[in-house]
Amino acid sequence: MTIRIKTTDQLKDLPDESELTFGTLFSDHMFNMDYDQEKGWHDPRIEPYGHFALDPSTMVLHYGQSIFEGLKAFKTPSGGINLFRPTENFKRFNRSAHKLCIPEIDEDFALEALVELLKLEKRWVPSAPGTSLYIRPTIIATDPFLGVRASHTYRFFIILCPVGAYYKEGFNPVKIWVTDKYVRAVRGGMGEVKTAGNYAASLYAGEEASRQGYTQVLWLDGVDLKFVEEVGSMNIFFVINNELVTPSLSGSILSGITRDTVIRLAKKWGMPVTERRISIDELIDTYEAGNLQEVFGSGTAAVISPVGEIKYRDKQMLVGNGKVGPWAKKFFDAITDIQYGKAEDFENWVMTVG
Ligand code: COI
């Protein structure tokens, strides 16, 4: 398939890189491609970034049949552009598609389309420390129809967004609230899928966390409300007696690419790593015994985010005196150095664009 390219003659002004936040500004162009039952995925095109005209009955607006991914492009010291493990994102995109009854895309073609878009938009990859170009591939159900079934038509699009830190705290510890009142996902459900509904389902508890002064919610499993799962925008890691512990992929946890990167790095460094179930009670006992050395989250948007405090019921656990711990810093530096092309890419994680 050939990608049609239509450029805009109204280029936007680039933002002040020192003021970049997350998710507010978008580049000049986007990628679009459509699906219908007759033609399959067709008409791939790069065109000016712009609004969609959607019929008010468009299925995605009512029943949330949509999936997305998140990855980043990084500016290297020599001015090149790096992607980090992009094939993993498109593989997961297709796993999500499968679960949401969305026709799968050709992963190689999707990556090729992204590379084309990035070549056109390279001036949007920021170079200030800690900044990058966030990439959001998305598929939405587009049938104008109110019955509940899988749509017969879809739109796949990719938009680009220059970003700074995801949390306003930057690389400083965030405070998280463990809820035993609300659940994000249940066994056999959609927890491992990057679909809009998971994020919608997290908002109510997120607001309750925020009212109490906490940045994020740490979810427990949806069956027993006992085992730690994930933070919604991040996977979670604990350093216990110099061992790295993270909840195993139960089906209701997102299989994070940064999570996998952390695990692989830890193994390379000879740090013991265990993926297993960890209950909130065990976490409290570990804390009480003085063995909870560090807690941090991992995600594409958040990279590594140290956790300085965990609240569960009326118990407040201050982790590492609320300061950034040495392991969080080591993982953050190692991952970002590879991403920005400043350290050896010993696992072939980086794909250089243009
Ligand atoms: C990411 O880390 O890319 C995510 O998708 C999390 C989030 C911003 C929803």
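Below is a table of values for the structure above.
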{"item": "Residues within segment 66-85 that are on the phi > 0 side of the Ramachandran plot and within 16 Å of the chain's Cα centre (by Cα), tallied", "result": "1"}
{"item": "Segment 29-38, residues that are surrounded by fewer than 19 Cβ atoms within 10 Å (Cβ to Cβ) and more than 13 Å from ILE105 (Cα to Cα)", "result": "GLN37, GLU38"}
{"item": "Among residues of segment 300-344, those that are out of contact with any Gly (no Cβ under 6 Å at 6 or more places or on another chain) and at positive phi, counted", "result": "5"}
{"item": "Search result, residues across segment 71-96 that are closer than 20 Å to ILE338 by Cβ and either surrounded by fewer than 17 Cβ atoms within 10 Å (Cβ to Cβ) or aromatic (Phe, Trp, Tyr) (or both)", "result": "PHE74, THR76, PRO77, SER78, GLY79, GLY80, PHE84, THR87, PHE90, LYS91"}
{"item": "Top-ranked residue of segment 63-86 - restricted to ones that are away from the ligand (no atom under 16 Å from the Cβ) and touching a strand residue (DSSP E or B) at 6+ places or on another chain (Cβ under 9 Å), ranked as farthest from SER252 (Cα to Cα)", "result": "GLY80"}
{"item": "Segment 250-274 - residue that is assigned to a loop (DSSP other than H, G, I, E, B) and within 16 Å of the chain's Cα centre (by Cα) and, of those, farthest from VAL350 (Cα to Cα)", "result": "SER252"}
{"item": "Top-ranked residue in segment 173-202 [being among the charged types (D, E, K, R) and in a loop (DSSP other than H, G, I, E, B); ranked as nearest to the ligand (Cβ to nearest atom)]", "result": "LYS194"}
{"item": "Condition check for ALA301: over 17 Å from VAL217 (Cβ atoms) and either part of a loop (DSSP other than H, G, I, E, B) or hydrophobic (A, V, I, L, M, F, W, C) (or both)", "result": "no"}
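Values quoted throughout were computed directly from the atomic coordinates according to the rules given, and no laboratory measurement underlies them. Only a predicted model underlies this, so the values are computations on that prediction, with no experimental measurement involved. No Cβ is skipped: glycine too gets one built from the backbone with ideal geometry, and neighbour counts run over all protein chains shown.
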